[in-house]
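Below is one structure, written out as structure tokens; comments come after it.
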Amino acid sequence: MGITDDETRARIRPAAALGAMPTGAKVFLYLILCLLPLALIALFTTLQSTRNADSEARTRLRAAAGESSSVLHDVLVNHISQLSNALETLEADPHDAPACTRLAGTFATTAGARFAVTDSSGKVICGQNFKAASKAPLQPRQVRSTLDDDGMTLRIGGRTGGTATAFYPTAALATIAQPSGFVPEYGAALTGHGDKLVLRKLEGVGPLDRRETVPNDLGLDGVQLEMSMLGTPITSPMIINTVVLVLMWLAAAGISWLVVDILLIRPLRRLRASVGAYQPGEVLDIKRFGDMPAAEIRELGDTFREISRTVKEHEADLAEGLLRQTKLTREVHHRVKNNLQVIASLINFHARSAKSEEASEAYASIQRRVDALAVVHRHHYAELEENRGLDLRSVIGELAANIRATAPERAQGLSVTLELTPVLVNQDVAIAIAFLLTEIVELAMSCNPAAQIRISIKLIDDDDTKALLRVTSPALVESPALETLVENRYGRVIGGLARQLRTKLHHDPLTGAYEAAIAITGRP
């Protein structure tokens, strides 16, 4: 028999519905189906049986602890009462033998227990002489307990300073506190004042065993009796249930991982490989990496394809715009360069036709300032494409050469010495430094045409953003001529350039040095 079209469509619809589900819903559905048997087993076997067994064990433990603490409380309270009565009688009459005899009869029923009654001087007037665990003074009728490794000591204060002391060995206390009838293996201990006396050690406690503990207050100086028993033992059914539980957990984890790997991890790896191999100008084609079973990943792949197509179009527009901008920048640079050359030529033309030495020197001074601007502009354009900044050593080196070339004839002895650490600065800083050096050199030449000038740049320790610019010359040592030139001509310009550099320009009148800290962008 053949399969009809209706049957085929009926089979396709559930598969299509499952394929259209979000991946998170698929993983959740698989986990629910895998963990359902685990939940049923844990609910109807292990938890119920363990709960019933633990409840029965706690009930038996409370009953045994209540019985033991009641018996121990009655014995100790009776002994304390007998000790108090005997202590009062013997304090009144130390030779009252019947009182001591009655007290000895009371303690004779407790194997191993000892007692002693002492007067205010510490002399034993009844009982045995033994060393008490504590000698602290007591108030009348005050009861103080002490626990140590050997047993428990009870001390009672008398009215005239006497003391009644009773000592109970560990074995005697364990015998008194032993519950009657059949009791499973148990442990018992007395606690008080931060001390603990183990009466019976709970044997057979393994790393997997659970212990139930019940404390009971004896109403005696804060002493408590703690009894403990083993919880429900780990039996073969519990072990089998635990093993099955672990195996089902592992199976559920493996199935979940397999589902996630097929639906998400493998497709995402293929998609990541496609995106990682993307090259600028390329359009991603997700279909060449095979079918993507998850609808979300298919949609993500389509989104990447559209993004890559948009990026390709934008990159083409940016490349075209960058080309136009580069051409425009070069055109502007050439026009600025040509204009500076025209200005320099005009200044040089007028300087040659000057009829006085003062006019020639004035033209030369203007020429040096134009040269300073041209040097910075030329180096700025050379560094424009790398965008690292201007190399200040190259700028100052060329600037010094231009200053020597344009120096007047009477300044033939002019000397400019450079000691420059290579540093990078931006264009604004370079222009201000070029003009500042030109003004300071002009000031030195005005004071002494044959001046010896030294220009240095050094890095400032522990600061990668600052360098020290220093200009030194004997012509800049304090003198009336220097003060006049600074006040009337150069001081205002030099101060304005220092403010443009956002720094303070210091002048040492004794050594003839100008220095300032300048901002740098790095080192070449």
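The values are calculated or read from the model by the stated rules, or taken from the named source; none is laboratory data. Just so we're clear, the structure is a prediction, and the values are computed from it rather than from any experiment. Ideal geometry is used to build each Cβ from the backbone, glycine not excepted, and the neighbour counts take in all protein chains shown. We work out accessible area using only protein heavy atoms, side chains counted, and drop any ligands, DNA or RNA first. Shrake-Rupley method; radii C 1.70, N 1.55, O 1.52, S 1.80 Å.
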Fraction of beta bridges assigned by DSSP in segment 375-524 that are antiparallel (%, nearest 5):
75 percent
Value of D in µm² per second that Stokes-Einstein yields for segment 112-154, Kirkwood Rh from Cα pairs, at 20 °C (1.002 mPa s):
185 µm²/s
So between ASP217 and ASP150, what do we pick up on full extension, going 0.36 nm a residue minus the alpha carbon distance?
22.0 nm
Please give the contour-minus-distance gain from GLN452 to GLU409: 0.36 nm per residue of separation, less the Cα-Cα distance, rounded to one decimal in nm.
13.9 nm
With label points set 7 Å from each Cα along the Cα-to-Cβ direction at LEU318 and GLN279, the distance between them in nm comes to 1.8 nm
Estimate the FRET efficiency between LYS135 and ILE41 by the formula 1/(1 + (r/R0)^6), using the beta-carbon distance for r and 56 Å for R0, to the nearest 0.05.
0.30
Return the carbon/sulfur percentage of the accessible area of segment 64-174, one whole number, probe 1.4 Å, all protein chains in place.
51 percent
Quick one: accessible area per residue over segment 46-179, 1.4 Å probe, rounded to a whole number of Å²?
51 Å²
Expected vector for segment 514-519, Karplus 3J(HN,Hα) from phi with 6.51, -1.76, 1.60 and θ = phi - 60°, integer Hz, x for Gly and Pro, equals 10, 9, 7, 8, 10, 7
Between VAL477 and ALA519, take the C-beta separation as r, use R0 = 30 Å, and let me know the FRET efficiency to the nearest 0.05.
0.55
How far apart, in nanometres, would the label points at THR465 and GLU487 be if each is projected 7 angstrom from Cα along the Cα-to-Cβ direction?
3.9 nm
Computed FRET efficiency, Cβ-Cβ of LYS201 and VAL244, R0 30 Å: what is it to the nearest 0.05?
0.25
Sparse-neighbour loop sites [trypsin sites (Lys or Arg not before Pro); segment 152-205; at most 14 other C-beta within 10 Å; DSSP]:
ARG159, LYS201
Extending each Cα 7 Å along its Cβ direction at GLU419 and GLU331, get the distance between those two points in nm, one decimal.
4.9 nm
Could you state the number of Å between the C-alpha centres of segment 173-203 and segment 61-126?
22 Å
